[in-house]
Amino acid sequence: MTFWDAIAIAVAGLGAGAINAVVGSGTLITFPTLIALGYPPVLANVSNTVGLVPGSTAAVVAYRRELRGQGERLRRLCACTTVGAVIGALLLLTLPPGAFQAIVPILIGIALLLVLFQPRLTAAVASRPHRPHHGGAVLALGVLGTGIYGGYFGAAQGVLLMGLLGTLLTEDLQVLNAIKNVLALTANLVAALVFLAIEDIDWGIVGLIAAGSIVGGLTGARIARKLPPNVLRGVIVTIGSIAIVRLLA
């Protein structure tokens with residue numbers, strides 16, 4: 001790893017931590033950066049997942065006030081996320097590496113579409129006057145599904161969660177964002193623990209992404225709000241598109 005590679009990875013971690021705190025598509029910054037620097041896709045994904053855990057924790061801490069009174073709901077939803085993340089992480093490690101290289105460009109493409117249409121999704125969620133209070137079995141199954149996705153890859157998992165939570169719950173969007181941060185942290189942490197037990201990790205990548213993502217997670221709202229939303233989405237889509245080209249090359 002060269003000096004400039006290290007700088008690029010740390011800056012990508014900073015951006016990912018900030019974006020994850022606000023939107024939830026930070027992996028579309030870090031993963032393509034690692035691919036562009038020549039790291040193998042599975043190693044890049046595993047190391048990225050472990051490295052983003054501290055930043056996700058920082059985002060949860062930053063939103064702790066909005067989590068008051070959500071303990072019971074979080075216990076139920078985190079249990080669903082945990083089961084899903086274990087399944088997703090094991091799928092990543094048991095399927096052939098070629099399967100990951102074939103599937104991930106599709107997942108990135110879907111994630112990029114979610115990022116592009118996120119403003120419309122948020123507006124549609126905010127305009128729904130009659131959403132059920134508890135979410136029920138549909139929410140539990142949806143969170144299980146996003147947990148599987150998060151354990152396997154996770155790009156734009158936060159966008160998926162915001163759409164799901166906003167459709168099925170009645171709380172203010174800031175509260176939903178706080179819940180989203182907890183569930184995304186749970187998926188990252190569970191997958192990271194599975195990877196630590198089974199798979200090789202590049203600790204240089206982990207340290208750089210962790211350092212950047214902690215700063216980004218704590219200051220995410222202030223950093224992200226200084227950029228016009230369209231510019232932020234444009235950066236994500238550009239980097240994600242480069243990753244798709246690299247993976248398909």
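Determine, yes or no, whether V42 is touching a residue at least 24 places away in the same chain (Cβ under 8 Å), farther than 21 Å from L114 by Cβ and touching a Pro at 6+ places or on another chain (Cβ under 8 Å). Against the criterion (touching a residue at least 24 places away in the same chain (Cβ under 8 Å), farther than 21 Å from L114 by Cβ and touching a Pro at 6+ places or on another chain (Cβ under 8 Å)), V42 qualifies. Checked against (1) open to solvent by less than 20 Å² (accessible area, probe 1.4 Å); (2) closer than 15 Å to G150 by Cα, V42 passes all but condition (1). Within region 56-65, is even one residue surrounded by 24 or more Cβ atoms within 10 Å (Cβ to Cβ) and at pLDDT 90 or above? No, there is no match, as no residue in region 56-65 is surrounded by 24 or more Cβ atoms within 10 Å (Cβ to Cβ) and at pLDDT 90 or above. Could you tell me whether G84 is more than 20 Å from I179 (Cα to Cα), touching a helix residue (DSSP H, G or I) at 6+ places or on another chain (Cβ under 8 Å), at pLDDT 75 or above and not aliphatic (A, V, I, L, M)? Judged against the criteria, G84 is not a match.
For region 161-181, a tally of residues being open to solvent by 20 Å² or more (accessible area, probe 1.4 Å) and modelled with pLDDT of 80 or more returns 2.
The values are calculated or read from the model by the stated rules, or taken from the named source; none is laboratory data. Since the model is a prediction, treat every value here as computed from it, not as a measurement. Ideal geometry is used to build each Cβ from the backbone, glycine not excepted, and the neighbour counts take in all protein chains shown. Accessible surface areas use protein heavy atoms only, side chains included; no ligands, DNA or RNA. Shrake-Rupley method; radii C 1.70, N 1.55, O 1.52, S 1.80 Å.
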